[in-house]
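Below: one structure, written as structure tokens.
The values are calculated or read from the model by the stated rules, or taken from the named source; none is laboratory data. Please read all numbers here as calculations on a predicted model, not as lab measurements. Using ideal geometry, Cβ is built from the backbone for each residue, glycine included, and neighbour counts are taken over all protein chains shown.
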Amino acid sequence: MVKTENISAIILAAGLSKRMGQFKPLLELGGQTIVERVVSLYRTVGLTDIGVVVGFRGEEIKAALTSFGVRITVNRDFEKGMYSSIVAGVRDLPDSCRAFFVNPVDIPLVRISTVKALLRTYQERSDKIFYPWFNGRRGHPPLIDTDLSKEIISWHQDGGLRNFLETREDLAINVPVSDEGVLLDLDTPEDYRLLKARLRKEFGGMPDVHGRG
């Protein structure tokens, strides 16, 4: 059984969506808005603590998630970049949290089986950073032990979370998954078109499908 007690998810939805030209969190994908889809992934797995970090158009996201029971964290420094949202999300984690996922809202096709695989490996090992690994590449969402929280908050170097985690490579493990969704970013209108086509091809246009695998 996969245990989810004291595991949190931080969903990053504070950005400006400049490359997309439309506001990514509220675009439709598979019968839901993208932010609803990502929240639903973690709800389906069984996480009870889900934090959504908002900034640009944050009130609209908050309104869209009223019925989802998530914790909204406002990042007033969102224009400084994604790492400022990660820090805001980590600061707002409950004291009881032992580990947390970091899922940018523009990685919306992660499968339930992937999240479960990361949780199982976390329960079995003493490592601190768990990456989903597909086709020789690391993807999202990493699962990070809260033993690293203070270091994440105090990190002031360039390169964001990736560079910070690379300084702790001795604490990291790759978790093989059969899920290309861990690599699929939603940054541009072409990305959006391709992800919608992928859902139609794989699932026949069925709404709210996360690939339970």
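Identify all residues within the range 203-213 that are more than 18 Å from Pro25 (Cβ to Cβ) and either modelled with pLDDT of 95 or more or surrounded by 14 or more Cβ atoms within 10 Å (Cβ to Cβ) (or both); write none if there are none.
Once the filter is applied, which keeps residues that are more than 18 Å from Pro25 (Cβ to Cβ) and either modelled with pLDDT of 95 or more or surrounded by 14 or more Cβ atoms within 10 Å (Cβ to Cβ) (or both), the range 203-213 yields Phe203, Val209, Gly211.
Would you check which residues across the range 168-186 are surrounded by fewer than 18 Cβ atoms within 10 Å (Cβ to Cβ) and of a type in the set (D, E, K, R) and list them?
Residues satisfying the conditions are Arg168, Glu169, Asp170, Glu180, Asp185.
Among the strands (runs of 3 or more DSSP E) contained in the range 124-190, which hold 2 or more residues that are within 14 Å of the chain's Cα centre (by Cα)?
Correct list: 129-134, 143-145.
Restricting the search to the range 63-117, which residues are aromatic (Phe, Trp, Tyr) and without any contact (Cβ under 8 Å) to a residue 24 or more places away in the chain?
none
From the residues in the range 44-72 that are out of contact with any helix residue (DSSP H, G or I) (no Cβ under 7 Å at 6 or more places or on another chain) and among the acidic types (Asp, Glu), which one is nearest to Ser84 (Cα to Cα)?
Step by step, filter the range 44-72, then rank; the result is Glu59.
Restricting attention to the range 26-70, report how many residues are in contact with a Leu (Cβ under 9 Å, 6 or more places away or on another chain) and of a type in the set (Lys, Arg).
Going through the range 26-70 one residue at a time, the tally reaches 2.
Find the residue count for the range 37-51, including only residues that are in contact (Cβ under 8 Å) with a residue 60 or more places away in the chain, more than 17 Å from Leu27 (Cα to Cα) and of a type in the set (D, E, K, R).
Step one: filter the range 37-51 for residues in contact (Cβ under 8 Å) with a residue 60 or more places away in the chain, giving 37-38, 40-42, 44-45.
From the residues that got through so far, the ones that are more than 17 Å from Leu27 (Cα to Cα) too are 42, 44-45.
Checking the rest, the ones that are also of a type in the set (D, E, K, R) come to none.
Adding up the residues that qualify gives 0.
Scanning for something buried (at least 17 other Cβ atoms within 10 Å of the Cβ), in contact with a strand residue (DSSP E or B) (Cβ under 9 Å, 6 or more places away or on another chain), outside any loop (DSSP other than H, G, I, E, B) and free of Cβ contacts under 8 Å to residues at least 40 places away in the same chain, does the range 16-30 turn up at least one residue?
Checking the range 16-30: at least one residue is buried (at least 17 other Cβ atoms within 10 Å of the Cβ), in contact with a strand residue (DSSP E or B) (Cβ under 9 Å, 6 or more places away or on another chain), outside any loop (DSSP other than H, G, I, E, B) and free of Cβ contacts under 8 Å to residues at least 40 places away in the same chain.
Condition first: without any contact (Cβ under 8 Å) to a residue 40 or more places away in the chain and among the polar types (S, T, N, Q). Now tell me which residues in the range 118-138 satisfy that.
Across the range 118-138, the qualifying residue is only Ser126.
For the range 119-128, state whether one or more residues are at pLDDT below 95, of a type outside the set (D, E, K, R) and surrounded by fewer than 12 Cβ atoms within 10 Å (Cβ to Cβ).
no
Quick check, is Val54 in contact (Cβ under 8 Å) with a residue 60 or more places away in the chain and not acidic (Asp, Glu)?
Taking the combined requirement at face value, the residue does not satisfy it.
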